[in-house]
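A short write-up of the structure that comes next.
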Amino acid sequence: MLLPLLTAVTLFLAPACAVFSDEAWNIDYHFALLGAPKEETSFFHRPNPSSKASLIYTLSEEHALGAVNPRDGSLVWRQILASGGDSHNTSFLRAGEGQDVVISGIGSEVAAWSAADGRLVWNVNADGPLEDVEILELSDGKETVGAKDAVALSGGEHPMVQRIDGASGAVKWQYSIDGSDAPYQLSASSTEVYAILLHKTILDYVKLRVVALDPVTGQKTDEYMLSSENELATADNVISVGANSASPIIAWTDAAHTTLKVNVVGTKSISSFSIERHDGNAIERVKLHAPYHINSLSHFLVHYETATSHWAEVYHIDLKNSKVEKAYSLPRVAGRGAFSTSTADANVYFTRVTRDELSTVSSASHGILGRWSLSSFGVASGVGEQVEPVHAVSEVSVKGDTVSAIRTTVLLSTGDWVLLRDGKGIWNRPEMLASTVAVTFAMPADVVALAQQLEVEAHGNPVAAYIHRVQRHVVDLQKLPSFLVSMPKKIVQGFLGTSADHAAGSDIFGFRQIIACATRSGRLVALDAGHPDRTLWNRDVADLKPGQSWRPSLSSTKDGVIQVSSAAGTGINYNATDGQQLAGDLPIIPDEPDLSTSRAVRYTMRGNSLEATYDWSPSWTFTPIHGERILNLVPRPVNDPVASIGKVLRDRRVLYKYLDSNIALLATAHDASSKANFYVLNTISGAIIYSNAHPNIDLTAPVPTIMSENWFAYSFTSEASDATTKGHQLVIGEVFESLIPDNRGAMGASSNYSTLQTATDPPFTLTQTYQIPEPISQLAVTRTRQGITSRQLLAVLPASNAIVGIPYGIVDPRRPVNRDPTKDEQAEGLMRYAPVLDFDPKWYLNHQREVVGIKNVVTAPALIESTSLVFAYGLDVFGTRLSPSFSFDILGRDFNKFQMLATVAALAVATFVVAPLVMRKQVDQRWRFL
Amino acid sequence: MLVLKSLTVLAGTSLASAANLTVSIPSSPPLLPNPASLAPSTHAVLIGPPGVQYEAPIRRDNTFTFPDLAEASYLLTVHSRDYFFPPLRVDVTKAADGTQQETVQAWQTFRGNEWSNKGPFYGSGNGELRTQIQPSSQKNFYQDRGGFNIIDFVKSPMILMALVSVAFIFGMPYIMDNMDPEMKEEFDDMQKKGPLSGSSGAAAQLQNFDIAGWLAGKGSSTEQGAGDIGKKR
């Protein structure tokens, strides 16, 4: 009787690890991010030339190419471009007017992508790293109808210019650049293609060499050197080389930013303008904004920036004599500003975004066509921080002399990418989260406040504690009216919804934890796991200079406090709820505990060996065999509660788990023989508890490892021989004190236990290998408060862009091999071992979403035992709640309150109806037999 | 884009004779009638010997193209958001006739089986292979809850049995009343002849015992009790 019942229970539990259709999209959240967009690779473009709707295209700093819908900020499509691993961090994105493709250039690859759906149209590999990619906006009758050709300039050993057919990706011609000059940029006018090279003079100055090519044949038509005198010290001073316009220009300044020199490409004359100083600060940056269309007016804007203010000047080019003239200037405004260029027919418009204003001017005159005041950008920022625009892209439609509609996307200094429509914020994308490097969960400070108050009462003297308590209750009483007002609503909600739904209001289940993310740019961003759609706060904590990097580690040492540590500085604490820096209010726990008193074992990687020191003296050293290197070391998590020390079998006997808080899984690789070794170490004594070697491993593929409770898991990609199988494998090992039930092995007899002494009998390990369909890049495990809930193995699948939650029962190494499970084993939920483990799509935590570029998964226990919070970051940010053993302590969405009440009502009605009948029957019986 | 993870392959790719592989996804109703509906993240991965891995995104014409493959035995996997595709084994070998061109062959392969265990042949080509791959199944991400459904509820055998017994208990008296007198008499006779009823029936015999009168009364009352339970449903 019990057996079928248990089977039924296991069958019932098995789907609990799946994503339920009513929970998907509700309890999980996902930001499909691109990373900070780059100014020169972001633009509005119509994917379908016949329709008016345009999308925003960008190639971000994370090398993600994507299209964003300007209406709601949702991602239309996205491709992650591989940069080829080189440090040459330039990327290009171009779109020809009226084209249904966008052309990207990154590393050495030029690729065309379908603008509407993001599919590859063609790709071409240049021999060297790309220096520039442009689209030829000319009609010479030779190109295929519809598709415009691309021109690519590549560097490397054999620098060359290539013209690539826009339809097929075939190279039409290529021109090899002679000499040792470094290729710099491409420029195309309606009649010629210009390659601009940097020529180093003897005095280490830079001169600009221009090579003019015939766009049809690729033959050199002209070549000359611009006499830049000795002004150009480095290539950084070249501000801009205009690309496709009626008259492309080259502009540069001297190192001190005192004069601006402009040359119209194709001519040798250089116009010189002195740069006015508007305030005491030195000019830090000069940017040039010019239209990108060949038939637009040849006007351009020069944007000057100092530390405290910015201004701009607009210049006109006279096409007849190639003369450059200053037309007007835009006034100086405090703070940073962003300018964007947009075109409508031949007209050019410049849109300016400052801290508090958005305005549009025509390039022809300085009259303002539209002005909108911006109260705020609607993004979270640090206290007292001024949110400033970094760069902007606009789409303007002008009717008569006024702007009828304007859409501007602005990248802000907080890292948010916002869209303003007529000066109103429409959406913002938290692109700063795409560069998250460290994450921690923290309890909100308001939850902690009550705990602190109670603590005060517990430790004060009784009278003071009593007064404190009365005061606290009086304060609480002030909330009574609002509580009473909200009562009816709460009751209705409670009746219609489920308990898990309104948990977000009052966080009794611990779902509303704060997730603090440290980004590569030195910011700390806090999200609310209960309301992830808004950023709680976002502040600059590292003050990094451009190009500087930091490696922060985040922790929540105390509830309500987030501690940021990095290699440079010791821990700084922040309030988890509002991001305020906590100065001396809370005692800061010393960053490194005093080792002499805490008797901890320290580990250092010395050369290629792992050395453990105890009491400042070497304890043990782990040196891999010659030729091996240590891949990674994963210890058991510090906070890893285990509810039961054994596994209770069906016949009530117990298999004792080998539970030691000081065990770690170490992976080493032998590159010469492509072999990997895995060791389970006792980190106090250095004893090897288990080791295994796998030959024929692809060591360039990721080898993720995880250790939790008394089990470990790792995954690798194996190479095939005829007798073995090729593909990816997942190995699970579980360590027991003894494999005989009710036997504690060597530990059974001894009454004392020392972590320092290695037991004579090592514990027993069961391992099982499963063939999995795709590689795993990262492993994690769910964590719950008490460890009663069974654990779920979380694996990041980079090939499917997914995170899969594998129930432990599926990969249990105790699954019987080569035989059917006995009835006892069946009752425990053990199935016959099968070497192939397919990832059921129902295990995908992300279900239909695609989580791209996940680098790490962190888990945290909720306040209720059944639930674990999961947060994954990398490029995308994804979070959800998991109940590996079903939601046994909370009424989930499957609990239908209405159905329950209906059942009670139906029973009540039935009782009233049946009661008289029963009464009559009983009376009848009495008459019959007595 | 093509990810090249190893420099060792670079030498191989520069050879003009290197092989090309084109895998296309045809329209395969009813599973995937329109391959253009595949997500742009659909991509194919070709895993060769350690360190050699090529990746190709889906093209506008629903194909994956791998140019310049070095001689090796590869595992081809197609990853898509919504569909599963069977894994293929792709071998690029020197041509038997000693020409410059290499031979490209493809078979289906089976996970968890030795590498020499090949499945259906997907074709071979000299220097270039064009083959087709069809999705094996659609991914179903969502687990539906066993929600309350009144039809399912009524269909369950327990409820059906209970309903029938309730119908008998309530319906019998009406049927008896509505029967024509002849039928009723016949029915009464039959009941009398039954083993439990009538003066010679077992029930009557039991009732003749002294104590049994009480016992039998209880016995019949339990019968009635069962009926009551039925009614309560």
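The numbers here are math on the coordinates, done by the rules we state, and not lab data. Quantities reported herein were computed from a predicted structural model and do not represent experimental measurements. Positions of Cβ are generated from backbone atoms using ideal geometry, with glycine treated the same way; all protein chains shown enter the neighbour counts.
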Worksheet item: Against the longest alpha carbon principal axis of chain A, how many degrees, from 0 to 90 and to the nearest 10, is the axis of helix A:462-477 turned?
Response: 60 degrees
Worksheet entry | Spacing of the two label points (7 Å from each Cα toward its C-beta) at A:Ser482 and A:His366, in nm | 5.1 nm
Item to complete: Would you mind ranking A:Ser673, A:Ser154 so that the residue whose beta carbon has the fewest other beta carbons within 10 Å leads the list?
Response: A:Ser673, A:Ser154
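Report, in listed order, any pair from A:Lys220/A:Lys323; A:Lys921/B:Lys192; A:Lys38/A:Lys287 with a Cα-Cα distance greater than 21 Å.
A:Lys220/A:Lys323; A:Lys921/B:Lys192
Only Lys, Arg, Asp and Glu count, each charged at its Cβ (+1, +1, -1, -1), so figure out the dipole size of segment A:276-429 about its Cα centre, rounded to 20 debye.
Charge dipole, segment A:276-429, about its Cα centre: 160 debye, nearest 20.
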Worksheet entry | In Hz, Karplus ³J(HN,Hα) per residue of segment A:603-615 (6.51, -1.76, 1.60; θ = phi - 60°; x = Gly, Pro) | 10, 9, 8, 10, x, 10, 10, 9, 10, 10, 10, 10, 6
Discussion item. Using a 10 Å cut-off around each Cβ, can you sort B:Val45, A:Val474 from fewest to most neighbouring Cβ atoms?
Written reply: A:Val474, B:Val45
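Quick one: order A:Val735, A:Val851 by neighbouring beta-carbon count within 10 Å, fewest to most.
A:Val735, A:Val851
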Worksheet item: By how many degrees, 0 to 90 and rounded to 10, does the Cα axis of helix A:445-459 deviate from the longest principal axis of chain A?
Response: 50 degrees
Discussion item. With every atom except the alpha carbons ignored, what do you get for Rg and Dmax of segment A:109-238, in angstroms?
Written reply: 15.7, 51
Practice prompt. Would you give the gap between the C-alpha center of segment A:338-414 and the C-alpha center of segment B:22-47, rounded to a whole Å?
Written response: 42 Å
Item to complete: Determine the sum of side-chain charges near B:Trp107: Lys and Arg each +1, Asp and Glu each -1, restricted to other residues whose C-beta is under 11 angstrom from that of B:Trp107.
Response: +1
Worksheet entry | Spatial separation of Cα centroids for segment A:193-220 and segment A:767-813, in angstrom | 56 Å
Practice prompt. Scan around A:Ile806 for amide H atoms under 5 Å from its own, H built in the peptide plane at 1.01 Å from N, and keep only partners 5 or more places away or cross-chain.
Written response: A:Leu793, A:Leu794, A:Ala795
Worksheet item: So what's the back-of-envelope 222 nm ellipticity for the protein assembly as shown, counting only DSSP H runs of four-plus at -39500 (n - 2.57) apiece and dividing by all residues, rounded to 500?
Response: -5000 deg cm²/dmol
Discussion item. Can you work out the Karplus-derived ³J(HN,Hα) for every residue in segment A:886-902? Use 6.51 cos²θ - 1.76 cosθ + 1.60 with θ = phi - 60°, whole Hz, and x for glycine or proline.
Written reply: 6, 7, 7, 10, 8, 7, x, 5, 6, 7, 9, 5, 5, 5, 4, 5, 5
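Quick one: pull the percentage of alpha-carbon pairs in segment B:14-138 with a separation above 21 Å.
Taking all Cα-Cα pairs of segment B:14-138, the fraction more than 21 Å apart is 38 percent.
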Item to complete: Give the distance, in whole Å, between the Cα centre of segment B:104-159 and the Cα centre of segment A:650-724.
Response: 31 Å
Response to the item:
The answer for B:Tyr74, listing residues at least 5 apart or on another chain whose modeled amide H is closer than 5 Å to its amide H, is B:Val90, B:Asp91, B:Val92
Fill in: Longest exposed-site-free window of chain A, the sites being chymotrypsin sites (Phe, Trp or Tyr not before Pro) in a DSSP loop that have at most 10 other C-beta atoms within 10 Å
A:1-615
Worksheet item: Among A:Ala445, A:Leu203, A:Asn281, which residue has its Cα positioned farthest towards the positive end of the charge dipole of chain A, with +1 placed on the Cβ of Lys and Arg, -1 on the Cβ of Asp and Glu, and the dipole taken about the Cα centre?
Response: A:Ala445
Worksheet item: Per the Cauchy relation, a quarter of the hull surface: what is the mean projected area of the convex hull of the alpha carbons in segment A:43-128, in nm²?
Response: 5.5 nm²
Worksheet item: Taking every residue in B:70-80, how many Cβ atoms of other protein chains lie within 10 Å of its Cβ, on average?
Response: 3
Worksheet item: Among A:Val410, A:Ser375, A:Gly646, which residue has its Cα positioned farthest towards the positive end of the charge dipole of chain A, with +1 placed on the Cβ of Lys and Arg, -1 on the Cβ of Asp and Glu, and the dipole taken about the Cα centre?
Response: A:Gly646
Worksheet item: Can you list residues whose amide H is under 5 Å from A:Asp149's amide H, if they're 5+ apart or on another chain and H is modeled 1.01 Å from N?
Response: A:Leu136, A:Gly166
Practice prompt. Would you work out which of B:Ser73, B:Gln105, B:Val45 lies farthest towards the positive end of the dipole of segment B:44-161, given +1 charges on the beta-carbon of Lys and Arg and -1 on that of Asp and Glu, about the Cα centre?
Written response: B:Val45
Fill in: Whole-number percent relative contact order across chain A, with pairs defined as alpha carbons under 8 Å at least 6 apart
8 percent
Item to complete: Add +1 for every Lys or Arg and -1 for every Asp or Glu among the other residues with Cβ under 9 Å from the Cβ of A:Ala18, and state the total.
Response: 0
Worksheet item: Given +1 on the Cβ of Lys and Arg, -1 on the Cβ of Asp and Glu, and no further charges, what dipole in debye does segment B:14-138 carry about its Cα centre, rounded to the nearest 20?
Response: 320 debye
Fill in: Per-residue HN-Hα couplings for segment A:182-199 [Karplus 6.51, -1.76, 1.60; θ = phi - 60°; Hz; x = Gly/Pro]
7, x, 10, 7, 10, 8, 10, 9, 6, 10, 9, 10, 10, 9, 9, 10, 9, 9
Discussion item. Working only with C-alpha atoms, what are the Rg and Dmax values of the protein assembly as shown, expressed in angstrom?
Written reply: 37.5, 136
Fill in: Crossing angle, helix A:480-496 versus chain A [Cα axis fit, 0-90 degrees, rounded to tens]
80 degrees
Worksheet item: If the cut-off is 18 Å between C-alpha atoms, which aspartates and glutamates fall inside it for A:Lys200, apart from same-chain ones fewer than 8 positions away?
Response: A:Glu131, A:Glu157, A:Asp178, A:Asp181, A:Glu223, A:Glu229, A:Glu231, A:Asp236, A:Asp254
